[in-house]
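Quick notes on the structure that follows.
The values are calculated or read from the model by the stated rules, or taken from the named source; none is laboratory data. This structure is a prediction, so every number in the text was calculated from the model and none was measured. Glycine gets a Cβ as well: all are built from the backbone with ideal geometry, and neighbour counts include every protein chain shown. Heads up: the accessible areas ignore ligands, DNA and RNA and are worked out on the full protein's heavy atoms, side chains in. Shrake-Rupley method; radii C 1.70, N 1.55, O 1.52, S 1.80 Å.
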Amino acid sequence: MRKENKRKRRPLILIGTVVTGFILLLTAARTTMQGTVEPVKTEFLGMNTYIMFTAYGSDAGEALQAAEQKMADLESAWSVTEESSEIYQVNHSNGEPVTLSGETAEVVGYALSMAEETDGALEPTIYPALTAWGFTTGENRVPDREEIQEILKRVGYRKIILNGNQIQLSEGMELDLGAVGKGYAGDVVTELLKKQGITSALLDIGGNIQAIGAKPDGTDWQLGIRSPFGEGTLGVLSVADKAVVTSGNYERYFVGSDGKEYGHIINPETGYPVENELASITIIAKEGRQGDTLSTALYVKGLGGAITYWKEHPDFDLIAVTDDGEIYLTEKIADAFSLNSAFGNMKVNVIEK
Ligand code: ADP
Ligand code: MG
């Protein structure tokens with residue numbers, strides 16, 4: 001369970017797809033026999049990832065179509081690379097103010113508030129550093145210290161002025177919703193589906209899982225939490241009406257010419273990819289936006305920082321997996337999580353208030 005087999009390139013979505021997909025199949029079979037509901041699914045690519053929505057109910061097909069369209073609209077507004085997007089315009093505004101749509105102003109406002117609440121561990125302006133490390137193009141490289149110091153001068157959420165729908169960045173700064181957009185979009189879609197009368201659905205946005213209600217038979221969804229050490233499911237989490245979001249540098253990383261592994265989550269204090277005792281951290285929250293931002297931010301903070309943050313803001317739960325194979329989980333979720341027998345040798349520690 002150490003370095004050599006720790007990281008395998010496999011999209012996080014596979015947790016959701018394989019495990020929940022399997023469970024959904026069982027559900028479908030049973031409910032069909034009873035002659036009641038069958039799930040409706042839609043799968044598509046968006047927000048640089050693989051998306052699968054599953055919903056139950058007679059109007060589910062139409063509702064999912066609207067949900068897919070909404071995702072496409074949000075992506076066109078929030079993409080960093082599409083020239084027509086609002087975020088692209090902000091990033092190419094040369095210090096001039098830009099007027100945002102209401103929804104974009106809200107997601108940016110939320111990201112800024114979480115940046116503040118996590119003492120800058122969430123840093124929505126980290127994009128220039130991601131570029132320097134080549135994560136935005138795939139042409140990865142290790143920048144030298146001087147370059148990183150220069151780049152950090154262009155980073156800092158406090159320098160953003162957001163006034164109503166108007167935003168202004170200092171010249172050279174860039175905004176990136178990579179650590180919040182998928183969760184926020186999941187919340188927008190959840191609201192849309194609920195408005196269309198959907199009471200039971202599962203959203204998988206690149207491994208961000210959001211459960212609307214419970215399964216149609218009223219029991220909890222059973223979500224597989226993927227092992228950060230490679231193949232396999234670490235354990236199963238039983239949830240209803242929750243967002244479950246994991247971050248870790250095992251998903252997207254490269255090996256530098258120095259032989260070191262560099263991941264896509266950057267410590268804003270240093271400008272270097274996060275390097276700490278955490279292999280992954282999963283957040284279980286009421287809303288996707290909180291799960292998404294906290295999974296990234298608490299991964300940056302490391303185990304001790306994550307536990308301290310939870311003690312100060314206990315309105316969510318977490319499951320942290322360390323590089324040396326220990327699991328830490330908050331007390332409320334302890335009974336809802338069951339470790340797979342293949343990982344039965346891992347030490348499980350319950351975090352108490
Ligand atoms: P993923 O989107 O791969 O599931 P995360 O939600 O943890 O994983 O978000 C990682 C993405 O967030 C990176 O690809 C990058 O775009 C951005 N990012 C990296 N480091 C930070 C940071 N410290 N604060 C905010 N965003 C970050
Ligand atoms: Mg995130």
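Mind listing whichever residues of the stretch 248-259 are open to solvent by 50 Å² or more (accessible area, probe 1.4 Å) and in contact (Cβ under 8 Å) with a residue 12 or more places away in the chain? Within the stretch 248-259, ARG252, SER257, ASP258 meet the criteria. Is it fair to say GLY288 is more than 28 Å from GLN149 (Cα to Cα) and open to solvent by less than 10 Å² (accessible area, probe 1.4 Å)? Yes; evaluated as a whole, the condition is true for this residue. In the set (1) within 18 Å of PHE135 (Cβ to Cβ); (2) among the polar types (S, T, N, Q); (3) open to solvent by less than 10 Å² (accessible area, probe 1.4 Å), the condition left unmet by THR270 is number (3). When the residues of the stretch 172-191 are filtered to those that are part of a loop (DSSP other than H, G, I, E, B) and within 14 Å of LEU122 (Cα to Cα), the one that is farthest from the chain's Cα centre (by Cα) is LEU175.
A search for C-beta distances below 8 Å between a residue of the stretch 93-116 that is over 19 Å from ASP73 (Cβ atoms) and any residue that is among the acidic types (Asp, Glu), counting only pairs 6+ apart in sequence or on different chains, returns ASN94/GLU171; GLY95/GLU171; ALA115/GLU123. Give the number of residues within the stretch 109-132 that are more than 18 Å from GLY304 (Cα to Cα) and more than 13 Å from ligand 2 (Cβ to nearest atom). Total meeting the criteria: 11. Among the conditions (1) open to solvent by 30 Å² or more (accessible area, probe 1.4 Å); (2) of a type in the set (A, V, I, L, M); (3) within 21 Å of GLY232 (Cα to Cα), MET346 misses just one, which is (1). Just checking, how many residues over the stretch 298-343 are part of a helix (DSSP H, G or I) and either basic (Lys, Arg) or within 12 Å of SER280 (Cα to Cα) (or both)? Residues flagged as part of a helix (DSSP H, G or I) and either basic (Lys, Arg) or within 12 Å of SER280 (Cα to Cα) (or both) within the stretch 298-343 amount to 9. Scanning the stretch 290-326 for residues that are of a type in the set (A, V, I, L, M), touching a helix residue (DSSP H, G or I) at 6+ places or on another chain (Cβ under 7 Å) and farther than 19 Å from GLN210 by Cβ turns up ALA306, ALA320.
Residue by residue, here is whether (1) within 16 Å of ligand 2 (Cβ to nearest atom); (2) outside any loop (DSSP other than H, G, I, E, B) holds:
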| residue | (1), (2) |
| --- | --- |
| LEU193 | no, yes |
| THR199 | no, no |
| ASP204 | yes, yes |
| ASP217 | no, no |
| GLY224 | no, yes |
| PRO228 | yes, no |
| GLU269 | no, no |
| GLY291 | yes, yes |
| SER295 | yes, yes |
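Is it true that GLU116 is surrounded by fewer than 19 Cβ atoms within 10 Å (Cβ to Cβ), of a type outside the set (Gly, Ala, Ser) and part of a helix (DSSP H, G or I)? Against the criterion (surrounded by fewer than 19 Cβ atoms within 10 Å (Cβ to Cβ), of a type outside the set (Gly, Ala, Ser) and part of a helix (DSSP H, G or I)), GLU116 qualifies. Number of residues in the stretch 46-69 that are surrounded by fewer than 17 Cβ atoms within 10 Å (Cβ to Cβ) and in contact with a Leu (Cβ under 8 Å, 6 or more places away or on another chain): the value is 1. The set of residues from the stretch 230-247 being more than 15 Å from ligand 2 (Cβ to nearest atom), of a type in the set (Gly, Ala, Ser) and open to solvent by less than 10 Å² (accessible area, probe 1.4 Å) comprises GLY230, GLY235. Within the stretch 283-303, residues that are closer than 20 Å to ALA334 by Cα have Cβ atoms under 6 Å from residues that are assigned to a helix (DSSP H, G or I) and near ligand 1 (Cβ under 10 Å from one of its atoms) in these pairs: ILE283/GLY291; ILE283/LEU294; ILE283/SER295; ALA285/GLY291; GLY291/GLY183, counting only partners at least 6 apart in sequence or on another chain. When we screen LEU122, LEU193 for residues that are on the phi < 0 side of the Ramachandran plot, crowded, with 21+ Cβ neighbours inside 10 Å and outside the structural domain of HIS92 (by TED's automatic domain parsing), the only hit is LEU193. Taking the condition of being within 16 Å of ligand 1 (Cβ to nearest atom) and assigned to a strand (DSSP E or B), how many residues in the stretch 230-254 meet it? So the count comes out to 7.
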